[in-house]
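Q: Take a look at the following structure, please.
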Amino acid sequence: MSKVLLVHAKGGPPLGHVLSRTAAKAELHLLALSALPPAVATDAGNLCASVVTPAAAQRSDLVALIVTRAREVGADAVLTFSEYAVVAVAEACEALGLPGAGSTCELARDKRMMRRTWQQHGLPQPEFRPVATEADLHDAAAALPFPMLLKAAWSAGSTAHQIIRAPHEATEAWQHSRQVMAESAQLGYAELHVAEADADFVVEQIVTGTAGEWFDEPGWGDYVSVEGVVADGTFHPVCLSGRMPTVEPFTERAGITPALLPEDAQNRIVDLARRAVDALGLGTCGTHTEIKLGADGRMWLIETAARFGGAMTVPQIEEVFGLDLIGMLVDQLLGRPVAWPGQALTCEQARGAAGSLVVLAVDGNGEAWPDRRVWDFPTVTGAVPLSEGSTLSVVPENSLPDGSPVPVYEPAGGANTMAALCLLSARDPHTVLRDFETLVDALPTALPQAPAVARTAPATAPPAAPTAARSVSAARTQVLPTALPEGIPA
C-alpha cells in the first residue's frame, strides 16, 4: 500500500476532512507541527499509522525534519494544506525526488516575489512597493496614491493588513503591523520555514472594485477566487467561489460555492487565473487565486496560493460538485490517473450551493457590535430563521466553545479575531447569500450578552475547538460526527 506523509500546521481545510480523505487513499502518517484540534485528535489516532509531534528543538531545520520523517516511514508522497508549511514541504519533496509544488513555490508565498513575477509577465495587478523598513514605507507613501494597503508579505487570513490614508499614518501602521505579526507568530499563525519572514512587507495601491457590473443581484463582494490544481505543471481550474463584501480593511467574511456569474465573465476570470498560475511555474499542488473585479470589465490579481483554499472551500466543492479534491491530489502525487475537470465547473453542474461564514463582531455595515456577546451555536439555531431547506452547521476546529466571549474585532488581526466558522448548505448561491445576510444582521442581538468582566477584556487567543459538531436546518436539527467519511464536513 502506498504511504503518504501529511505535514499539519495552522490553516487550510479542516483537519478531520483532510485526514479521512487522505487515509482512504494510502497509509497515512502525520507530522504535526501544530497541536491537533481536540475535535479530531481521536480520529487522527484511528486514521493514521503514526502521529509524530516534533519538539521545538527539532524544527530548526524544518526541511531536514520532513525529509527524515518521510524516509523513516517510506513515504511515496509528502503534502501539506497549510499556507505556513507549503515552502518547507515543497523543498522537502525536491530533496526526496517526489512530486510537489516545485522549486518556485516561494513565488506563490512571498507577496513581493509574486508581484514582481506578475509584473514581469505584464499581468494586471495593483501598483506596489516592497517594504522592509519604516523608511521604505515612507518612500512608498510618497510614490503611491492614497489610500494604500500595507500587507505582511508572508501573512494569511488578512493578518496585519492596514489601510494607510495619509502620510502621517505610516509610522503607526508600520509599528502596529509589526506587533500583530509578532503576536500571530506566538499563536502559530506565521511562516514556519523562512527566517524572519514576519519582517517582510509590501504596500499596494488600493484599486476600486465593483460587484454591480459582474453580478446580477446585490450583496456580492467585488472579488472572487478561482479554485484549481496544477498537475505536473498544467493548470486545471475547478470552479469559482464568490464572496460577501469584506470587513475593513479586507478581512474575508464569507465564501460561496459556486459563484453566481455569467459564463462569459467566468471564462475571462479563469483565463486571467490561468496566466497568473502559469507565470509562477508550479509543479503539482492545489491553487487558490483571488481576483478583484472592477468597472468596465477590468480585473486585478490579488494573490495566488500553492495550496487549496482554506476554511471550508474544499468541503464546499465536494458537496456541490462531488469532487474529493484531497483524494484527487493524493492520487496525482502518487502517480495514479486523475480526471480533473476539463474546464471550470459552473452553476449548471452544481448540486445546490454551499458557503462558509466567519463570525466576526462586526455587523452588515462593517460597524463593531455595540457590546460584547457570547458565542452560542444553539442560540443561533433557535433564533435565526433560515430559508426552507437550508442547513447550518458549525465547524468545531475553527470555533470557540459555546459560552466563550466573542472576540472584539481587530482590523489588523483579520481572521485571528473570529469567534466561529459556520457552513451553510442551500438550494442555490442566491439563497446562501441571503441566509448569510440574515445571520450577520441577527448575531449582534441574538447571541447572549457577555458578563461585564468579559466585556472589558478583548480576547486575543485563537479559536479553541469544542468536541462535537452541531448542525441545524430549517426543517431539522442533527448531530454531525467528527469522523467525516461522507456528507457535509463539520
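The values are calculated or read from the model by the stated rules, or taken from the named source; none is laboratory data. Here the structure is a predicted model, which means the values were calculated and not measured. Here the Cβ is made from the backbone with ideal geometry for all residues, glycine too, and neighbour counts use every protein chain on show.
Q: Quick check: anything in the range 411-419 surrounded by fewer than 21 Cβ atoms within 10 Å (Cβ to Cβ), out of contact with any His (no Cβ under 7 Å at 6 or more places or on another chain), of a type outside the set (S, T, N, Q) and assigned to a loop (DSSP other than H, G, I, E, B)?
A: no
Q: Looking at the range 118-154, which of its residues are in a loop (DSSP other than H, G, I, E, B) and over 23 Å from A273 (Cα atoms)?
A: First pass over the range 118-154, keeping only residues in a loop (DSSP other than H, G, I, E, B): 121-127, 132-133, 144-147, 153-154.
Correct list: A132, T133, L144, P145, F146, P147.
Q: It is to be established whether one or more residues within the range 370-377 are over 24 Å from V247 (Cβ atoms) and not assigned by TED's automatic domain parsing to the domain that holds R253.
A: The first filter runs over the range 370-377 and keeps only residues over 24 Å from V247 (Cβ atoms), leaving none.
The answer is no, given that none of the residues of the range 370-377 is over 24 Å from V247 (Cβ atoms) and not assigned by TED's automatic domain parsing to the domain that holds R253.
Q: Which of the residues belonging to the range 85-109 are touching a Lys or Arg at 6+ places or on another chain (Cβ under 9 Å) and under 18 Å from V202 (Cα atoms)?
A: L107, A108, listed by residue number.
Q: Somewhere in the range 231-238, is a residue in a strand (DSSP E or B), within 20 Å of A108 (Cα to Cα) and among the acidic types (D, E)?
A: Within the range 231-238 (the criterion being in a strand (DSSP E or B), within 20 Å of A108 (Cα to Cα) and among the acidic types (D, E)), the answer is no, since none of the residues qualifies.
Q: Moving on. Would you please list the contacts, defined by Cβ atoms under 8 Å and residues six or more apart or on different chains, that run from a residue in the range 330-358 that is in contact (Cβ under 8 Å) with a residue 24 or more places away in the chain to a residue that is in a loop (DSSP other than H, G, I, E, B) and of a type in the set (G, A, S)?
A: From the range 330-358, the pairs are V330/A26; L333/G100; L334/S2; L334/A26; R351/G322; S356/A311; V358/A311.
Q: Which residues, taken from the range 49-93, are closer than 21 Å to A108 by Cβ, in a helix (DSSP H, G or I), of a type outside the set (A, V, I, L, M) and modelled with pLDDT of 95 or more?
A: E91, C93
Q: Residue check, A279 against (1) within 17 Å of the chain's Cα centre (by Cα); (2) modelled with pLDDT of 95 or more, all met but one. Which one?
A: (1)
Q: On to the next question. Just the residues that are more than 28 Å from the chain's Cα centre (by Cα) and more than 15 Å from R112 (Cβ to Cβ), please, taken from the range 123-138.
A: Selection gives E134, A135, H138.
Q: Across the range 286-313, what is the number of residues that are surrounded by fewer than 23 Cβ atoms within 10 Å (Cβ to Cβ) and either among the charged types (D, E, K, R) or free of Cβ contacts under 8 Å to residues at least 60 places away in the same chain (or both)?
A: 5
Q: Condition first: over 20 Å from the mean Cα position of the chain (by Cα), under 25 Å from H138 (Cβ atoms) and not acidic (D, E). Can you find one or more residues in the range 207-221 that meet it?
A: The initial filter retains those residues of the range 207-221 that are over 20 Å from the mean Cα position of the chain (by Cα), namely 207-219.
Remaining after also requiring under 25 Å from H138 (Cβ atoms): 207-208.
Applying the additional criterion that residues be not acidic (D, E) yields 207-208.
Yes, because at least one residue in the range 207-221 is over 20 Å from the mean Cα position of the chain (by Cα), under 25 Å from H138 (Cβ atoms) and not acidic (D, E).
Q: Mind telling me which of the residues R427, R476 ends up being surrounded by fewer than 17 Cβ atoms within 10 Å (Cβ to Cβ), out of contact with any Cys (no Cβ under 8 Å at 6 or more places or on another chain) and modelled with pLDDT under 95? Reasoning before the result, please.
A: Numbers: R427 fails: modelled with pLDDT under 95.
When all the criteria are applied, what remains is R476.
Q: Which of the residues that make up the range 39-50 are surrounded by 17 or more Cβ atoms within 10 Å (Cβ to Cβ) and closer than 10 Å to L28 by Cα?
A: Residues satisfying the conditions are A44, L47, C48.
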